[in-house]
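The values are calculated or read from the model by the stated rules, or taken from the named source; none is laboratory data. What you see is a predicted model, and the numbers here were worked out from it, not measured in a lab. Note that we place each Cβ from the backbone using ideal geometry, even for glycine, and neighbour counts take in every protein chain shown. Heads up: the accessible areas ignore ligands, DNA and RNA and are worked out on the full protein's heavy atoms, side chains in. Shrake-Rupley method; radii C 1.70, N 1.55, O 1.52, S 1.80 Å.
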Amino acid sequence: AQKVTQAQTEISVVEKEDVTLDCVYETRDTTYYLFWYKQPPSGELVFLIRRNSFDEQNEISGRYSWNFQKSTSSFNFTITASQVVDSAVYFCALSSEKWDGNKLVFGAGTILRVKS
Amino acid sequence: DGGITQSPKYLFRKEGQNVTLSCEQNLNHDAMYWYRQDPGQGLRLIYYSQIVNDFQKGDIAEGYSVSREKKESFPLTVTSAQKNPTAFYLCASSMTSGRFSEQYFGPGTRLTVT
């Protein structure tokens, strides 16, 4: 079964705190891709990162970092020194080489609220 | 500016009426997608199209129909057969020349059926 689980339904932090959003995936395929998207209140999903199954190097982009661990089937997302503008719904998604059409399977999302 | 346009932002319909949601992209992308988002749930794929005049059902296609007569346009019709049509609908597109290329999303249409 192909599945993405985001166990944290909602997280609230105070500005400048670090926060980690968890993502656990299930797939039997050996070649797959993982994604993170941000959905601000406006509704449009914004692409953040894509990671393939053969690249377990952590990635950092400004205040954002991602930790991919195949051993635990996890692709966690950390925001350092959070800001109010980070408030959004964050989705983790999975795509497999074997799927037709570049399809994505999404997790249920994590609502992040950053308070000033 | 390049992007995906969905109109209108909010749409209201009476039960039993068909309604068509618009999606236009000027990114020259080959593939286009329709997703449905319900509160507390992730996005679920309704239909997708990899090329003009071709489309495939996603996970929840029942009660929906699409067409792809032009590369730029992928309208979605919510028919009266859809039992729970009230939801947020998102259109996306991606290049298919590169495998696993990311999908770009439009601003969405919130449909309310009463």
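Using alpha-carbon positions, what is the distance between the centroids of region B:72-93 and region B:1-53, in Å? The distance from the Cα centre of region B:72-93 to that of region B:1-53 comes to 6 Å.
Size of the dipole of chain A about the Cα centre, Lys and Arg at +1 and Asp and Glu at -1 on the beta carbon, nothing else charged, in debye to 20?
On the way: 12 positive and 14 negative charges, 22 e Å.
Using Cβ point charges on Lys, Arg, Asp and Glu, chain A gives about 100 debye.
Between the residues A:91, A:42, A:114, the greatest Cα displacement towards the positive end of the dipole of the protein assembly as shown, with unit charges on the Cβ of Lys, Arg, Asp and Glu, is found for A:42. Comparing B:92, B:75, B:27 along the charge dipole axis of chain B, the residue lying farthest to the positive side is B:75, per the Cβ-charge model. Accessible surface ranking for B:51, A:11, 1.4 angstrom probe, highest first: B:51, A:11. Computed about the Cα centre, the dipole magnitude for the protein assembly as shown is approximately 460 debye when only Lys and Arg (+1) and Asp and Glu (-1) carry charge, each at its Cβ.
Which order do you get for B:44, B:36, A:113, A:28 if you rank them by accessible area with a 1.4 Å probe, largest at the top? Walk me through the numbers on the way to the answer.
Values: B:44 85, B:36 15, A:113 110, A:28 210 Å².
Descending order: A:28, A:113, B:44, B:36.
The share of C-alpha pairs in chain A whose separation exceeds 25 Å stands at 19 percent. Within region B:16-44, what residues put their amide N at less than 19 Å from the label point 7 Å along the Cα-to-Cβ vector of residue B:51? Only B:28-33 pass the distance filter.
Run the numbers on chain B and let me know its relative contact order in percent, using alpha-carbon pairs under 8 Å that are six or more apart.
Details: 292 pairs, mean separation 39.4, N = 114.
It rounds to 35 percent for chain B.
Exposure check, 1.4 Å probe, all protein chains in place: residue A:14 carries approximately 80 Å² of accessible surface. Here residue B:84 and residue A:15 are evaluated by their C-beta separation; at R0 = 41 Å the FRET efficiency comes out at 0.60. Within a straight-line Cα-Cα reach of under 15 Å, residue B:9 can be paired with the following aspartates and glutamates, leaving aside sequence neighbours fewer than 8 residues apart in one chain: A:44, B:24. Using a Gaussian network model of chain A in which every pair of alpha carbons under 10 angstrom is joined by a spring, one finds that among A:31, A:72, A:80 the greatest mean-square fluctuation is at A:72. Pairs spanning more than 22 Å between alpha-carbon atoms, out of A:103/B:14; A:38/B:14; A:98/B:57; A:38/B:83: A:103/B:14; A:38/B:14; A:38/B:83.
As a test of reading the structure, rank B:111, A:48 by solvent-accessible area (1.4 Å probe, protein chains only), most first.
Values: B:111 0, A:48 40 Å².
Highest to lowest solvent-accessible surface, that is A:48, B:111.
The Kirkwood hydrodynamic radius of chain B, based on inverse pair distances between different Cα atoms, is 14.0 Å. For every other residue with a beta carbon closer than 13 angstrom to the beta carbon of residue A:64, add +1 if it is Lys or Arg and -1 if Asp or Glu, then tell me the sum. Once positives and negatives cancel, what remains is 0. The region of chain B that goes longest without hitting one of the GluC sites (Glu not before Pro) in a DSSP loop, each with at most 11 other Cβ atoms within 10 Å, is B:16-61.
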